[in-house]
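These notes are about the structure you will find just below.
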Amino acid sequence: MRSPKRLADIRKLPCIRCGNPNSQAAHSNSAKHGKGRGIKADDSFTVPLCHVCHSDFDQYKLGNREQSEAMFERWLVRVDRMLNTKNNTSIF
């Protein structure tokens with residue numbers, strides 16, 4: 001699923017890893033989120049990462065595949081809470 005609104009909202013948030021205000025929408029690298037060879041994961045599985053953190057994440061410099069997937073899941077929970085708070089909707 002593609003969601004230009006979510007991607008735009010993600011890009012307005014600071015990097016979830018280092019806090020850099022210049023972030024990009026980074027998609028999950030996990031097949032369980034729809035990632036495939038040459039196919040990006042579903043847009044609902046995106047987090048804000050700056051260029052450096054995004055590159056490090058995509059190249060598995062932040063941990064192996066299992067560690068990266070676990071880290072991404074934690075980031076995703078935080079980002080979804082940030083977006084829900086930003087949009088004045090309940091997070092519970």
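A few remarks follow.
- Taking amide H atoms as placed 1.01 Å from N in the peptide plane, the amide H of A26 lies under 5 Å from those of V47, L49, each 5 or more residues away in sequence or on another chain.
- Between amide H atoms placed 1.01 Å from N, distances below 5 Å from R17 occur with C50, all of them 5 or more places distant or on a separate chain.
- Amide H within-cut-off set for S3, under 5 Å, with H built and near neighbours excluded: D43
- Rounded to the nearest 500, the helix-only mean residue ellipticity at 222 nm of the chain stands at -13000 deg cm²/dmol, with each DSSP H run of n ≥ 4 adding -39,500 (n - 2.57).
- Rg/Rg_globular for the chain, with Rg_globular taken as 2.2 N^0.38 Å and Rg from C-alpha atoms: 1.02
- Estimated vicinal HN-Hα couplings, Hz - the range 38-47 in sequence order (Karplus 6.51, -1.76, 1.60; Gly, Pro = x): x, 10, 6, 5, 3, 4, 6, 10, 10, 9
Just so you know, all these numbers are worked out from the coordinates, no wet-lab data involved. Everything quoted here is computed from the prediction, not taken from an experiment.
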